[in-house]
1. With the requirement that a residue be open to solvent by 30 Å² or more (accessible area, probe 1.4 Å) and more than 9 Å from chain A (Cβ to nearest Cβ), what does the stretch B:329-344 give you?
2. Name the residues in the stretch B:473-490 that are surrounded by fewer than 19 Cβ atoms within 10 Å (Cβ to Cβ) and at pLDDT below 90, would you?
3. Determine the pairs where a residue that is in contact (Cβ under 8 Å) with a residue 12 or more places away in the chain, located within the stretch B:363-386, has a partner that is surrounded by 14 or more Cβ atoms within 10 Å (Cβ to Cβ) and aromatic (Phe, Trp, Tyr) with Cβ atoms under 8 Å apart, the partner being 6 or more residues away or on another chain.
4. Checking the structure you have, find out if any residue of the stretch B:198-218 is in contact (Cβ under 8 Å) with a residue 12 or more places away in the chain, buried (at least 19 other Cβ atoms within 10 Å of the Cβ) and in contact with a Cys (Cβ under 8 Å, 6 or more places away or on another chain).
5. (1) assigned by TED's automatic domain parsing to the domain that holds B:Val406; (2) crowded, with 21+ Cβ neighbours inside 10 Å: which one isn't true of B:Pro347, the others all being true?
6. Which condition from (1) buried (at least 23 other Cβ atoms within 10 Å of the Cβ); (2) within 14 Å of chain A (Cβ to nearest Cβ); (3) within 17 Å of B:Met250 (Cα to Cα) is the one that B:Lys23 breaks?
7. Give the residues of the stretch B:103-122 that are modelled with pLDDT under 80 and out of contact with any strand residue (DSSP E or B) (no Cβ under 9 Å at 6 or more places or on another chain), sorted by residue number.
8. Among the candidates B:Glu135, B:Glu159, B:Glu118, which residue alone is charged (D, E, K, R) and more than 30 Å from B:Ala15 (Cβ to Cβ)?
Amino acid sequence: MSIALPRAGLIGERLAASALLIAFAGLFLFFALSAPAFLTAGNLKNILVNNVAILGVVAIGMTFVVKSGGIDLSTGVALDAAGFGFAFALTAAIAAPLAISLGLAAALVVGAVNVLLIARLRLNPFLATLALLFIGQSAQRLLTGGGSPIYLGNRSYADVLGAIGRSDLLGIPTPVIVLALVAALAFVILHRGRLGREISAIGAAPEAAHYSGISTTFVLARVWLIAALLSGIAGILLTATVRSYIPMSGNGYLLDAIGAAFIGTTLRRDGRPSVHGTLIGVLLLGVVRNGLLLIGWNFYWQQVGIGVLVFAVLALSYGLRREGRH
Amino acid sequence: MTKAPDPRLPASQPAVELRGIVKTYGASQALRGADLVLHPGQIHGLVGQNGAGKSTIIRILAGIEQADPGSGLVQVFGEAVSHPSPEEMERRGIHFIHQDRLLVPTATVAEAIALGQEPKFGPFYNGRRATRQAEALIRRHFGLDIPGNRLIRDLSAAEQKIVQISRALASDARVLVLDEPTAALVRREVESLFSVLRNLRSRGLSILFISHYMDEIEEICDHVTVFHDGRHVASHPVASTSIPEIVTEMVNREVGELYPRRSHAPGAVVLKVEGLGRDGAFSDVGFELRAGEVLGISGLLGSGAKEILATLFGLAPADHGRVTLEGRPYAPGSVRAAVSRGVVLVPEDRRRQGVSVSHSIRENITLGNLGLLSRLGLVSRSSERSLAGRGIADLSIRTTGPDQKVAALSGGNQQKVVLSKWLSSGARVYLLDEPTVAVDVGAKVEIYTVLNRLASEGAAVIVLSSDLLELAGLCDRALIIHRGRIAGRFEGETLRPELMLAAASGATPHLPGPNMKGAA
């Protein structure tokens, strides 16, 4: 029965919503106090460029997919495809703008395969992208003679790579600007736009969306192309930052992107994925990675720290939610 | 498998006795001193509008919720239950058939029925024996053949209900609580359910029967308790009361007409269907539908009536025949195509196909009007807000506000959300599939009023319903489908439930009996 309990749970609701923010603020404070090097402009910039910008772009793509009710295990493949395409084009003396386009096109090919498998043929996204993950990894080994990187150390690339990876605008590094633009655009599309509504409806109630006259095929097609494109952008950024294409480096972003998107869902009581939630998830992961390093934690223990952190955020938001209910 | 409980209990001792129950949620009181007393060997109807406290008292009886401390008394077979819990209540023989189908979709029929008391072969689950037992049980109680190895999710709503009831019958129940058991069943199945219930009653079971269908209460129940506003307002033998009296008690006001009348002045032909057929579903279906008309369609489960609606809504293309919509050919290849031509469906499976329960009322209403509300791909929040506000006011959706989740609404109010989704979309043809299933009497009347208003504003309306009384009251004309063909057209004097029922059952000398097995 619809016995409304509207006001009683409100305080708990607010608190639960901010469990993620509390965790983030707490960690930030902890590292600021325990590692003198943490709260310096240089280090914060370092976090943003090396831990947040690229992962953020990938994770926002993941947010689109998760909101549509899917999961994308091929995000690293699209990222690598772009990196490979971009690096390969540069070594073939193709002009930078065209090289970037080629890289993004390579990522979109991965997206197009997903569109065919998931939007059109309605395969389970987990299985479809898992298959693509396997194929993508083998393909990279085959294309690079077993996995040798393409180095872009040559001076002739320095300008273009520097412009993407190491430049800044008014003191803000380019990758961070790219993330900000991507996030702003994604926010408008997902949270203010028609497409966002359609994606959200398909994710929550695919049949009701279909019965409302929404073309689930076209909406899902756009979701998977957007996700691939964002992974592609991340791939270009990564390649420019590390000045090389290293096969299968996309793997390192897969779990973090999924983690950030799902940690982000705890931001709201209704558990829906959101661009801002994902960004906080990314920041949280970035701060933890960097902070643990600074306080001298063994590299091998970092993942333990992150795992414990995820538990802590979940427990906190669950506890606060219960608190509000009784 | 079903053991008869001891019927030799003293008749004076109630099976279940709830007295003076108070239940408070936050600031609101769901129950304010409610009584409910069930006797063995009795089928006891419980009626009331949504929000009257029926579900709460059932949840307390089920041990899912506890009454406010210090309030009231919960007794089962004369023993006070001090610490009620679902396990405790089940141990005392109280079994529930819930309204929502609480069955594992991927389990087989046999597994669902045997759950918790699986036949064993040594240490192993004896699947073959479970299958045999399940089939025998269903055949014995319902006279139906449902293969024990079929998956729950492949069953129709009616078959799922049958499995659910069979499961309780397989346990040692002394009190059976049926929450809206007939909501998804067609008349024939309702009758077999009733004969099962009568049989159980004669064995001394106490049955609490919750239904929105007054005719069912009158037909099956010995006693009826009416809830209104968290209290029992009446409790009397069914023989000493009448449907209008019960309904009056329920709404606490006089209900003149259950089916509001409207002036019927049909306009131009909107939809013209000729020789429409889909292989394996229906064939040779033809009718005309004018603006301002309400056409009823009905048929037994698997008759093909539902499939006609599906085809008109673009869910499954026709193989034969021709449809003309407002003078232009109409053969929708997709739902999107149907909606863009102004043909909309209010589906039967409301919670899955009608609404997104995890979204707000506002977001659900917007879903049918995204084109109207968007400029340059952005949804106008102010127009959205005013559209939702209008929808809520227009259909008097009872809610705390447009941002309330649809999951928190009653069935009737959820249905109004589905309707208001389409009201602003400029739809011309409304297809409604069992629009008043699991909707309480008050909201039913409101839905009928909306449909009448739509018709009087020039929409063409097709209502599919297995409630023939409803069709007779609501529609101008009705088609009865039997085995994929129109078995009868009813209008004016002939628009009577008993005549339509006869046609739906194929009651003509040359046709064999109705096919009761699942969907075609």
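The values are calculated or read from the model by the stated rules, or taken from the named source; none is laboratory data. Owing to the predicted nature of the structure, the values given are computational and were not obtained by experimental measurement. Methodologically, a virtual Cβ is constructed for each residue, glycine included, from the backbone with ideal geometry; neighbour enumeration extends over all protein chains shown. Just so you know, the surface numbers come from the protein's heavy atoms only, side chains and all, with ligands and any DNA or RNA stripped out. Shrake-Rupley method; radii C 1.70, N 1.55, O 1.52, S 1.80 Å.
1. Narrowing the stretch B:329-344 to residues open to solvent by 30 Å² or more (accessible area, probe 1.4 Å): B:329, B:331, B:333-334, B:336-337, B:339-341.
Correct list: B:Pro329, B:Ala331, B:Gly333, B:Arg341.
2. Residues satisfying the conditions are B:Gly473, B:Arg483.
3. B:Gly368/B:Trp422
4. Yes.
5. Failing condition for B:Pro347: (1).
6. Going through (1) buried (at least 23 other Cβ atoms within 10 Å of the Cβ); (2) within 14 Å of chain A (Cβ to nearest Cβ); (3) within 17 Å of B:Met250 (Cα to Cα) one by one, B:Lys23 breaks only (3).
7. As a first pass, look at the stretch B:103-122 and keep what is modelled with pLDDT under 80: B:103-105, B:115-122.
B:Leu103, B:Val104, B:Leu115, B:Gly116, B:Gln117, B:Lys120, B:Phe121, B:Gly122, listed by residue number.
8. Details: B:Glu159 fails: more than 30 Å from B:Ala15 (Cβ to Cβ); B:Glu118 fails: more than 30 Å from B:Ala15 (Cβ to Cβ).
One residue alone meets the criteria, B:Glu135.
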